[in-house]
Amino acid sequence: MKRMLAFAILFAPPATAQEIRRYSPASINLMTGNQLYEQCNSENQFFRISCRSYISGAVDALNQWRVFIDNPPFCLPPDTSITLDQLRDIAIDYIARNPATRNQPAPFLIGTAMSTAFPCPRPTPKPVQRRDTPAAPRR
């Protein structure tokens, strides 16, 4: 896999400085859904690899929330049989079907796509047990 990635990077058509600036968010701004969508659908192999890597990193980061919060945004299947291409397809399909939200930060859109595809099972609420309260003493 590493060898194939190195080969793809070495032989990908070079990106011009203008293209790189176009897809590089400002230092404090997150990539938008529009930018990610363009990268993922680019003819340039470098941008397509960048797209997969970005989505993979966002999914990994969001998945780590499970350690810190009780209600994680999504629950990937425990068998880890999901490929990077599947994660990319899920994210890009969601962004393509929701063009009105493409201006939002890409990590938010990726998280929403994953929560739609992999919702967490909601715990069933425990039934409230009624206690029979004794009648107040008569005076």
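The values are calculated or read from the model by the stated rules, or taken from the named source; none is laboratory data. Quantities reported herein were computed from a predicted structural model and do not represent experimental measurements. Backbone-built Cβ (ideal geometry, glycine too); neighbour counts: all protein chains shown.
Couple of notes before you dig in:
- Wholly enclosed helices (runs of 4 or more DSSP H) of segment 1-82 bearing at least 2 residues at pLDDT 85 or above and farther than 18 Å from residue 95 by Cα: 45-63
- Contact annotation: residue pairs with Cβ atoms under 8 Å, 6 or more positions apart or on different chains, pairing a residue in segment 91-102 that is under 15 Å from residue 115 (Cβ atoms) and in contact (Cβ under 8 Å) with a residue 24 or more places away in the chain with a partner that is surrounded by 14 or more Cβ atoms within 10 Å (Cβ to Cβ) and of a type in the set (Lys, Arg), are 95/102.
- Residue in segment 66-88 that is more than 24 Å from residue 122 (Cβ to Cβ), without any contact (Cβ under 8 Å) to a residue 40 or more places away in the chain, surrounded by 12 or more Cβ atoms within 10 Å (Cβ to Cβ) and under 11 Å from the mean Cα position of the chain (by Cα) present: no
- Residue count for segment 66-105, restricted to those that are under 19 Å from residue 53 (Cβ atoms) and in contact with a strand residue (DSSP E or B) (Cβ under 6 Å, 6 or more places away or on another chain): 0.
- Residue 90, sole failed condition from (1) out of contact with any Cys (no Cβ under 8 Å at 6 or more places or on another chain); (2) modelled with pLDDT under 90: (2)
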